[in-house]
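Every number in this text was worked out from the coordinates using simple rules, so none of it is lab data. Given the structure is predicted, the values throughout are model-derived calculations rather than measurements. Heads up, the Cβs are rebuilt from the backbone with ideal geometry, glycines too, and the neighbour counts pull from every protein chain shown.
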Amino acid sequence: MSILDNLKGALYQAGESVAQSALSGVLDSSGGVQGILDKLQAGGLGPIVSSWTGAGTGQPISVDQLKSVLSSEHVEQISSQLGLSPDKALAALAEHLPGLAAQGKT
């Protein structure tokens, strides 16, 4: 791996960390990460959530899966706080929620 590859990887990880911190802060005002995870589990997505918080492989979640579980009011609240359209906010949530859930492992 070249120095440039190492730098790209470090910048990506730093960006990922900043994005997760920002998203975590937004979620705190709407039930927190655990609140979202609880809704996903109650909505039938428990195996996906378990893959993030347990010893699983960290399965991805889609925007459509999030839409099927989260209320439109909840999505609007998150998107408003992020300053993004609902679809972009859900895409950000789908991308970063697995990492946030994994950080919360005990």
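Normalised radius of gyration (Cα atoms, divided by 2.2 N^0.38 Å) for segment 43-106: 1.12. All other residues whose Cβ lies under 10 angstrom from that of Ser79 are scored, Lys and Arg at +1 and Asp and Glu at -1, for a net of -1.
Order of Ser71, Ser50, Ser79 from fewest to most other C-beta atoms within 10 Å?
Values: Ser71 10, Ser50 15, Ser79 19.
Starting with the residue having the fewest Cβ neighbours, the order is Ser71, Ser50, Ser79.
One decimal place: the segment Val69-Asp28 gains 12.9 nm when fully extended, by the rule 0.36 nm per residue minus the C-alpha distance.
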